[in-house]
Structures are given as structure tokens and as C-alpha cells.
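The structure under discussion appears below in the form of C-alpha cells.
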């Protein structure tokens with residue numbers, strides 16, 4: 001399983017063409033090993049790898065309820081960056097993509113209300129659900145965005 005070597009969280013202001021967006025992010029230095037490439041966009045692929053790694057950690061025993069908070073913070077950072085690209089590039093499928101992000105945000109928010117002493121079977125179920133959702137999202141809707149970005153001058 002991946003382990004955190006260091007974790008630093010901070011709030012930055014991210015300048016976009018539409019204004020300044022405050023970002024809360026955590027820089028996780030992970031030993032994630034070799035994972036399947038998810039995107040030709042380096043920042044997107046790197047962030048996907050971290051998201052998959054965080055989801056894998058939900059299965060660890062004993063359960064660390066803080067992992068869901070770290071996943072929420074990192075996913076939000078990732079979603080804001082993708083959504084900024086979509087807005088900047090006037091991505092034609094932006095609305096559907098953001099709806100998908102919002103569904104993940106809602107599911108994760110509900111999971112944050114879960115009893116921290118949850119049973120191992122529930123941990124595995126949560127992890128499997130999030131992993132499948134992310135894999136479908138990354139290999140489906142994110143691939144369309146990747147193709148669009150790669151054809152732009154913002155790659």
C-alpha cells in the first residue's frame with residue numbers, strides 16, 4: 001500500500017483568465033509504484049495517480065477517517081483545475097463534466113458522515129465504489145477533455 005512520506009497543506013490563490021480562485025491543496029509525496037498511465041496531460045495523469053492511491057488507502061486497517069478528508073481536498077483541487085481548463089478553453093461538454101464532478105463531491109460528502117469505526121467490509125465497498133467511479137470517469141469523460149486540451153494551445 002502507498003504510504004505518505006510528507007504532507008503539507010496550504011491555501012493558494014490560483015490566477016485564471018476569469019479571476020482568482022482560492023485553492024486548498026495538499027502536496028502528498030507518495031510512493032505509489034508503477035500505475036497505468038491515465039492521460040497524456042502530465043498534470044492530469046499525476047493527479048489521477050494520487051486520487052487512485054488515496055482511494056486504495058480507504059481499505060487499510062485500521063481505518064483512518066482522515067483519509068476521506070484528504071481525498072476530498074485533493075479531489076477538489078483536481079476538479080477545480082480541470083474546470084478552470086474547461087472554462088478557459090470553452091469546452092463544449094463542460095456542463096456534463098462538472099455534473100459528474102458534483103456527483104463525486106456529493107458521494108464523498110456523504111461518506112465523510114460515515115462512522116469512523118466502520119466495518120472492514122464497508123471500507124472495501126466504499127473503496128471499490130470510488131475506484132470504479134474514478135476509473136469510469138478517467139477513461140471516459142476525462143479522455144474527451146484530454147483530447148480537446150491536447151488539440152488546444154493550453155496543453
Output the residue which, of all residues in segment 67-91 that are without any contact (Cβ under 8 Å) to a residue 24 or more places away in the chain and within 13 Å of residue 145 (Cβ to Cβ), is surrounded by the most Cβ atoms within 10 Å (Cβ to Cβ). 83
Restricting attention to segment 140-155, which residues are surrounded by fewer than 18 Cβ atoms within 10 Å (Cβ to Cβ) and within 14 Å of residue 97 (Cβ to Cβ)? 140, 141, 143, 144, 147
Which numbered condition in (1) over 11 Å from the mean Cα position of the chain (by Cα); (2) in a helix (DSSP H, G or I) is the only one that residue 62 fails? (2)
Got at least one residue in segment 5-28 being closer than 25 Å to residue 151 by Cβ, modelled with pLDDT under 80, surrounded by fewer than 16 Cβ atoms within 10 Å (Cβ to Cβ) and under 17 Å from the mean Cα position of the chain (by Cα)? no
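The values are calculated or read from the model by the stated rules, or taken from the named source; none is laboratory data. The model shown is predicted, which means the values in this text are computed figures rather than measured ones. Using ideal geometry, Cβ is built from the backbone for each residue, glycine included, and neighbour counts are taken over all protein chains shown.
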